[in-house]
Amino acid sequence: MKILKVLTVCVLVSAAAYGQALDLKNLEKLSDKAKNVTDITLDGSLLKFAAKFLSNDDPDQAKVKKLVAELKGIYVRTYEFESEGEYTESDLAPIRSQLRSGWSRIVGVHSKKERDNTEIYLKSAGAAEPGGLAIVCANPTELVVVNIVGKIDLDELSELGGNLGVPKLDLEKSKPSKPESKKDND
Amino acid sequence: MSNLEDELRRALRREEPPADFADRVLAQLNQPAAPSWWERFSVLMKPPRLQWVAVTLMVSILLPTAALRYRREQQIRAEGERAKEQLLIAVHVAGSRLHHAQRKVLESGRMETRL
C-alpha cells in the first residue's frame, strides 16, 4: 500500500514536471523546410545524466552544472531557413497560445529594422510546479524556441551565453522594477 | 566344385603364428590400461593441477566479463559525452538569446526589464 502511494506521488510529480514543458511538436514540420535544424530535448533523467559528465575543473562547465542542478528539462528548437516566408506566424500560434496561460512575458523586443522579434516568458515556481523559462526569437530566416523547465537563474544563464562561444558583452547588470517592457527599435 | 573345395581348403588351412606372436600378446596384456576420462578429470582436480585449472577457469570467465563491462562503460561514456555536448549547446543557445534580448534592450537606451 505504501509503495502504491509512493508510486502515485512519483507519477503525479512527473506529470507536473512534464506539464511544465511546452508542447513543441507543431514545429517538427518546419524541419523539412529549414536548412539548419537544432533539436535538443533533455528531459529530467537525461539532463542529470548529461550533467554528470560536466567537468568541475572547467569553470564554464562547473557553472553550467550548478545552473542545471535544479532544472527538470531543457528543450531547444532552432530553424534556419534559406529564404524568407518559409514559416509563418501560424506555426508559432500553438506555442503562443500555451504561453498565454500561466506565463508572464518579461521581455518583448521587436526590431523593425532587423525584423527581429524576441520574447522572454517566465513561469513562477509553485508548490507543485517547478517554474520555467521560454524564449521565442523569430526573424524572417530564423526561428528559435527555448523552453527550460525548473528554477533558473537568468543572470547566470545570460552570463553563460556570453561565455560559451559567444563573445561576452560588457553589459551593465540592472534590475528595474517594471516586469515587462516592449520595445520597438527604430 | 573341386575348385571351390580347393579354395576353401587353402583359406582354412592351418598357419603357424609368427615366432614373436606370443610375446607380443603378453606384452600388450602387461601394459597398464589407458585411464578413463573420469580418471583423467580427477587427476586435474588434485593439487597442484587444480590451481591451474581454477586459474584458467577464472581467467576465461573474468576476462570476457571485464571486456563486456569495459565496452558498456565506454558506451555509457560516449552517450554521456553526447548528452553533455547537447546540454552545452542548449545552454549556449538559451544564454545567447537572453544576451541578445538584453543587448537589444540596452541598445534602445533604456533598461526596463528584470534581466
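Couple of notes before you dig in:
- Meets criteria (at pLDDT 85 or above and over 30 Å from A:Ser111 (Cβ atoms)) for B:Glu39: no
- Residue under evaluation A:Gln61, criteria (1) part of a helix (DSSP H, G or I); (2) loosely packed, with under 15 Cβ neighbours inside 10 Å, criterion not met: (2)
- Residue in the stretch A:89-101 that is within 20 Å of A:Asp43 (Cα to Cα) and part of a loop (DSSP other than H, G, I, E, B) present: no
- The requirement of being modelled with pLDDT of 90 or more and under 26 Å from B:Glu107 (Cβ atoms) is fulfilled somewhere in the stretch A:122-129, by at least one residue.
- Flag if B:Arg97 is more than 9 Å from chain A (Cβ to nearest Cβ) and of a type outside the set (Phe, Trp, Tyr): no
- Residues being within 11 Å of chain B (Cβ to nearest Cβ) and under 18 Å from the mean Cα position of the chain (by Cα) - total across the stretch A:58-72: 6
- Top-ranked residue in the stretch A:30-57 [being more than 9 Å from chain B (Cβ to nearest Cβ) and of a type in the set (D, E, K, R); ranked as farthest from A:Pro94 (Cα to Cα)]: A:Asp57
- Qualifying residue in the stretch A:39-57 (condition: within 17 Å of the chain's Cα centre (by Cα), part of a loop (DSSP other than H, G, I, E, B) and at pLDDT below 90): no
- Among residues of the stretch A:87-140, those that are touching a Phe, Trp or Tyr at 6+ places or on another chain (Cβ under 8 Å) and of a type in the set (Ser, Thr, Tyr), counted: 3
The values are calculated or read from the model by the stated rules, or taken from the named source; none is laboratory data. Just so it is clear, the model here is predicted, and its values are computed rather than measured. Note that each Cβ is placed from the backbone with ideal geometry, even for glycine, and that neighbours are counted across all protein chains shown.
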